[in-house]
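The values are calculated or read from the model by the stated rules, or taken from the named source; none is laboratory data. Keep in mind it's a predicted model, so treat the numbers as computed, not measured. Cβ placement follows ideal geometry from the backbone for every residue including glycine, while neighbour counts extend to all protein chains displayed.
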Amino acid sequence: MTTSPAPTIRPTTPTDEARWKEIFRAYREFYRLVPSEEIVSRVWSWLTDSAHECQGLVAEADGSIVGIADYRRFSRPSAGSVGIWLDDLFTDPEARGRGVGRALISRLQAIASSEGCSVVRWITADDNAQAQVLYDDVAAKTNWLTYDAKPTET
Ligand SMILES: CC(C)(COP(=O)(O)OP(=O)(O)OC[C@H]1O[C@@H](n2cnc3c(N)ncnc32)[C@H](O)[C@@H]1OP(=O)(O)O)[C@@H](O)C(=O)NCCC(=O)NCCS
């Protein structure tokens with residue numbers, strides 16, 4: 001029996017652009033978002049701007065990027081601490097079930113620990129059963145609901 005090597009997790013670098021964009025397009029397609037190269041390029045520009053809060057990790061296996069995670073830090077006034085928010089997580093469908101998602105989340109937990117952050121947090125869709133198989137194993141499901149309000153002029 002052959003086993004896949006553990007993926008290597010590292011921050012995005014400028015040379016990842018073409019492959020990162022492919023994966024990010026697939027991620028947006030998974031959420032049935034209207035395709036937009038403008039958005040894909042904008043988010044990539046955030047990740048390559050060291051002053052921007054949004055940062056990216058990639059998972060590499062056999063020399064190819066097979067997964068991505070975008071994250072940022074957020075202040076938690078009630079706790080007086082900083083947390084890490086995981087915005088986007090995606091594994092190439094061909095590479096699923098081989099520990100890529102787990103390794104990306106694990107790296108975020110290590111970053112949180114090294115920086116003294118109090119939590120790694122993310123949201124997922126209620127019906128995303130596949131993702132929840134992993135999440136239920138690595139994190140605690142909360143009872144918080146998410147609300148979105150529209151920007152309105154006063
Ligand atoms: C959620 C997602 C990132 C998980 O990535 P992954 O690399 O498959 O995750 P892992 O392999 O680390 O863990 C998946 C778990 O699902 C199960 N699994 C087994 N075979 C699997 C397969 N072929 N496909 C998916 N999951 C499988 C396993 O229980 C595995 O846990 P294990 O480590 O105990 O074996 C991936 O399914 C994905 O990109 N989905 C579409 C986008 C999405 O839902 N993103 C998250 C939005 S919040």
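Could we say that Ser75 is without any contact (Cβ under 8 Å) to a residue 24 or more places away in the chain, away from the ligand (no atom under 13 Å from the Cβ) and either closer than 20 Å to Pro11 by Cα or part of a loop (DSSP other than H, G, I, E, B) (or both) here?
Criteria not met by Ser75.
Among the numbered criteria (1) away from the ligand (no atom under 12 Å from the Cβ); (2) under 17 Å from Ile23 (Cα atoms); (3) of a type in the set (Lys, Arg), which one does Arg96 miss?
The single condition Arg96 does not satisfy is (1).
Here is a check on your reading of the model: is Asp148 at pLDDT 95 or above, closer than 28 Å to Glu29 by Cα and in a loop (DSSP other than H, G, I, E, B)?
yes
Can you tell me which residue is nearest to Trp85 (Cα to Cα) among those in the range 99-119 that are among the hydroxyl-bearing types (Ser, Thr, Tyr) and more than 13 Å from the ligand (Cβ to nearest atom)?
Of everything passing the filter in the range 99-119, Ser118 is nearest to Trp85 (Cα to Cα).
Would you be able to say whether some residue in the range 46-55 is in a helix (DSSP H, G or I) and surrounded by 14 or more Cβ atoms within 10 Å (Cβ to Cβ)?
Yes.
Got a sec? Which of Gly97, Gly67, Gly101 is of a type outside the set (Val, Ile, Thr) and either modelled with pLDDT under 95 or part of a helix (DSSP H, G or I) (or both)?
Unique residue meeting the criteria: Gly101.
Between Ala125, Ala140, Ala69, which is hydrophobic (A, V, I, L, M, F, W, C), surrounded by fewer than 10 Cβ atoms within 10 Å (Cβ to Cβ) and under 19 Å from Phe30 (Cα atoms)? Give the steps one after another, and end with the answer.
Details: Ala140 fails: under 19 Å from Phe30 (Cα atoms); Ala69 fails: surrounded by fewer than 10 Cβ atoms within 10 Å (Cβ to Cβ).
Testing whether each residue is hydrophobic (A, V, I, L, M, F, W, C), surrounded by fewer than 10 Cβ atoms within 10 Å (Cβ to Cβ) and under 19 Å from Phe30 (Cα atoms) leaves just Ala125.
Could you please give the count of residues in the range 131-143 that are among the hydrophobic types (A, V, I, L, M, F, W, C) and more than 10 Å from the ligand (Cβ to nearest atom)?
Summing the residues that are among the hydrophobic types (A, V, I, L, M, F, W, C) and more than 10 Å from the ligand (Cβ to nearest atom) in the range 131-143 gives 2.
Conditions first: (1) within 15 Å of the ligand (Cβ to nearest atom); (2) touching a residue at least 12 places away in the same chain (Cβ under 8 Å). Asn128 passes all but one, so which condition is the exception?
Among (1) within 15 Å of the ligand (Cβ to nearest atom); (2) touching a residue at least 12 places away in the same chain (Cβ under 8 Å), the lone unmet condition for Asn128 is (2).
Checking Ala59 against (1) in contact with a Cys (Cβ under 8 Å, 6 or more places away or on another chain); (2) closer than 18 Å to Ser106 by Cβ, only one condition comes out false. Which one?
(1)
Answer yes if at least one residue in the range 82-89 is at pLDDT 95 or above and part of a helix (DSSP H, G or I), and no otherwise.
No, every residue in the range 82-89 fails to be at pLDDT 95 or above and part of a helix (DSSP H, G or I).
Answer yes or no as to whether Thr15 is surrounded by fewer than 13 Cβ atoms within 10 Å (Cβ to Cβ) and farther than 18 Å from Ala103 by Cβ. Steps first, please.
Values: surrounded by fewer than 13 Cβ atoms within 10 Å (Cβ to Cβ): yes; farther than 18 Å from Ala103 by Cβ: yes.
So Thr15 passes the test.
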